[in-house]
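Okay, structure first, notes after.
The values are calculated or read from the model by the stated rules, or taken from the named source; none is laboratory data. Only a predicted model underlies this, so the values are computations on that prediction, with no experimental measurement involved. Reconstructed Cβ throughout: ideal geometry from the backbone, glycine too, with neighbour counts over all protein chains shown. Protein only, heavy atoms only, side chains kept; ligands, DNA and RNA dropped before computing areas. Shrake-Rupley method; radii C 1.70, N 1.55, O 1.52, S 1.80 Å.
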Amino acid sequence: MGFKRKDLLGMEDLSKEEILFILKTAESFRAVLERPIRKVPTLRGKTVVNLFFEPSTRTRMSFELAEKRLNADVLNFSTSDSSVIKGETLLDTARNILAMKVDCLVLRHPSPGAPHLLAKKIPVSVINAGDGAHEHPTQALLDLYTIREKKGGVEGLKIAIIGDIAHSRVARSNIWALQKLGAEVRVCAPPTLIPPLVEKMGVRVFYSQEDALKEVDIIMMLRIQKERQNTGLLPSLAEYIELFSLTEERLSLAKPDALIMHPGPVNRGVELPAKLADGKRSLILNQVTNGVAVRMAVLYLLLGKS
Amino acid sequence: MSLLIKKGRLIDPATNYDAVVDILVDGEMIKKIAPKINRSGHELIDAANKVVVPGLIDMHTHLRQPGREDEETIQSGTRAAAKGGFTTICCMPNTDPPIDDPSLVEFIYREAERRGSVEVLPIATISKDRAGKDLSPMGRLKKAGVVAFSDDGDWVADSHLMRRALEYVKMLNLPLISHCEDRGLSQDGVMNEGYTSTILGLQGMPKEAEEVALFRDLALCKMTESPLHLAHLSTAESVELIRKAKVSGVRVTTEVTPHHFTLTDREVKSFDTNTKVNPPLRGSEDLEALKEGLKDATIDVIATDHAPHLVEEKEKEYNAAPFGIVGLETALGLVIKELVQTGALTLMEAIAKLTINPARILRINRGLVKEGAKANLTIFDLEKKWLVTEEEFFSKSKNSPFLGWELPGKVEWTIVGGKVVYQDD
Ligand SMILES: [Zn+2]
């Protein structure tokens, strides 16, 4: 079993075997991160471009670190210093960068399918670092990695994803990924933030956090965009906090050893209070660390062999 | 000059005629239709084993002139029409500037006369500047020669204005064409709202955006008893609403596009922006309902909604690409493949929806083959397969989801006013 793809675009079309292979590969890179010298020569001579059309310091830093730990040359390109604002299309931009002889594009873009467009039109590897509300595969991979690390496996776990499911790429990628590895997934949000027919993806829908949390092993809180309250989706942020913020009391409904995850950055006091975010049941920092290892694995599998 | 079309299978839905005959065209007119006409002295078209039908009529074409001549012009659009077997096309007024003034109508007629391959009949806006506020000068526009009024691209959201427009056109005896879409519901949607939009994370346009608008339009049509035509139906519930309205005697007519009875929103999974159309591609249950609506005459017309866009505009991420696809050159092939060959419609029924039905709605003396009528004729090979390619398109734009498809129904000759305007080589 290997990994023979040119691109990593989403979790929907990955097989269970491919996912496990990436996670296995990530384990050895995770070990590298514990060494005194956290660097391997795997991608020496390769150039990776981080092409970010949305502000995202965290994901970009995580990719950049992963690339540097693999000894790749790294170029960062974000909206503010791109010519996109002058009317150049995404494809023009990508082709221009390609002309400088690079090996991989890591793309973050607000439009679903943007990385798929590039993957189809250009010959180098494309990694989807988040395309609109569609997918964020490396986030799902690092979440899987973290869950396996703490729980020993994913099979049979009950996992609740709570928050703005409708606009969340993290939710979509995790719904696919967790179910492929045998977890039972629940989603919970006000009905206006649940996308239509989401149950066809295999999940159970809850409007009440109290019901959703019963007996779960993992609670994944999603970041809520404050703008949602001005578009008819929510009456107010205050009401959202009252109904959907994770509290100690609500947490007590989950299994006694239930753990809390969040893709970050956390709106403290909104999705969950600081006390829980920083508490011993929170995996938020583990997720950040594992993110680097998982991204190293993905870069290695796409670029390392040729 | 006289032209003899020999041994073609003439299908004329206006008279329910289906037989092999000879047709003699003299000058602009059809002079004689008979089982056998002596060939001497005439230019000859051997139509043996071919189908001869009244020249096809497209009552929903975007020609982009004036304003976007880089996408399409009257010249290129009418060449595409001729290649697709259309002899008469109606151009929608959402140009830049919009067709809301007699001078622009005259411009289109002049340009079509000079450079056009087929007949172009302009549709003017319902509202001034297509702004949805005040009525366009409908009486003067009729004098200039428009055949209908439409703010296509937008619904006339102001119910009072729509009511007055419907009342006003009674005097003119011309139809209004409505693009049913409640923007409050469709918002910034880019595809059908449903399971596919959910997994793709693309914003959906619910079917109800069409149905809510359509329901109001039906109510106003009933109230005013004015001729109303509803463009590009896309949902099963729309078909059902129309069916009921027609039974109760409402004077409404409707159309569907070939892409809506051929493709579903599953196609959007490719993120191919040539699947981005408005109204969006819907579900398979809608597609089946549209076919049933065609069969039981709830849907009167097949129209292309030919909407040219440059490759550069379409080669974008899904959210950024414009809506619309070209349709003139693939319509007949899709009708035959998806409706006739599947048994959804007889060839006679299908051709009616491309000829006499739009002619009646537009109150134009077209869409039939008889002695003394204008010689607008389309001759095609029912069986002959052809490959849809960018290179073969006459349209300036190549934005089609059917590139690479093999379609039946190759158009062999298109004749407008006795003149061959397209001939397959
Ligand atoms: Zn329209």
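Here is how the numbers come out for the structure above:
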quantity	calculated
Rounded to the nearest 20 debye, dipole of segment B:55-362 from Cβ charges on Lys, Arg, Asp, Glu	940 debye
Apportionment of accessible area to carbon and sulfur, chain A, percent (1.4 Å)	53 percent
Net charge contributed by nearby residues that have their C-beta within less than 15 Å of residue A:272 (K/R +1, D/E -1)	0
Selection from A:256, A:31, A:170 lying farthest towards where the dipole of chain A points positive, charges on Cβ	A:31
FRET efficiency estimate (nearest 0.05) - Cβ-Cβ, residue B:390 to residue A:239, R0 60 angstrom	0.70
Those residues of segment B:301-320 for which accessible area with every protein chain present is at least 40 Å² below the isolated value (1.4 Å probe)	B:315, B:317
Protein heavy-atom accessible area occluded, B/A pair - total, 1.4 Å probe, Å²	1700 Å²
Three principal axis lengths of segment B:50-186 [C-alpha, angstrom, descending]	48, 32, 31
Peptide ranges B:195-207, A:103-115 listed from the most packed, as the mean C-beta count within 10 angstrom indicates	A:103-115, B:195-207
Acute angle (nearest 10 degrees) that the helix B:284-295 long axis makes with the longest principal axis of chain B, alpha-carbon atoms	50 degrees
Peptide A:103-115 - average C-beta neighbours from other chains (10 Å radius)	4
Farthest positive-ward along segment B:55-362 dipole, Cα basis, beta-carbon charges - from B:108, B:299, B:173	B:173
Cα-Cα separations in chain B greater than 41 Å, expressed as whole percent	10 percent
Highest-first arrangement of B:165-177, B:34-46, B:349-361, where packing means the average Cβ count within 10 Å	B:349-361, B:165-177, B:34-46
Residue mean of other protein chain beta carbons inside 10 Å, A:192-203	3
Protein accessible area in chain B, 1.4 Å probe - carbon and sulfur %	48 percent
Burial ranking of peptide ranges A:135-145, A:89-99 (average Cβ count within 10 Å, highest at the top)	A:135-145, A:89-99
Highest-fluctuation residue, A:74, A:48, A:185 considered, GNM on chain A with Cα pairs under 10 Å	A:74
Given charges at beta-carbon only (K, R positive; D, E negative), |dipole| of segment A:140-278 in Debye	400 debye
Reciprocal mean inverse distance between Cα atoms of the protein assembly as shown - Kirkwood radius, Å	28.4 Å
Fraction of beta bridges assigned by DSSP in segment B:55-362 that are antiparallel (%, nearest 5)	5 percent
Segment B:108-200: Cα Rg divided by the 2.2 N^0.38 Å rule of thumb	1.36
Options B:94, A:107, B:123, ranked by Cα towards positive dipole end of the protein assembly as shown, top entry (Cβ charges)	A:107
Greater than 28 Å apart at Cα, pairs in A:151/A:214; A:226/A:255; A:68/B:276	A:226/A:255; A:68/B:276
Net charge dipole size for chain A [Lys, Arg +1 and Asp, Glu -1 on Cβ; Debye, nearest 20]	1040 debye
Crossing angle, helix B:207-224 versus chain B [Cα axis fit, 0-90 degrees, rounded to tens]	70 degrees
Set of lysines with alpha-carbon distance to residue B:384 below 23 Å, sequence-local pairs under 8 removed	B:6, B:7, B:50, B:83, B:337, B:353, B:398, B:410
Those GluC sites (Glu not before Pro) in segment B:57-90 that DSSP places in a loop and that have at most 15 other beta carbons within 10 Å	B:69
Average partner coverage of B:266-273, which counts Cβ from other chains inside 10 Å	3
Spatially proximal aspartates and glutamates relative to residue B:316 (Cα-Cα < 15 Å; intrachain offsets below 8 disregarded)	A:88, A:92, A:131, B:272
Cβ-defined net charge surrounding residue A:101, 11 Å radius [Lys, Arg +1; Asp, Glu -1]	-1
Probe 1.4 Å, accessible area per residue of the protein assembly as shown, Å²	38 Å²
Angle in degrees between helix B:102-115 and the longest Cα principal axis of chain B, rounded to the nearest 10	40 degrees
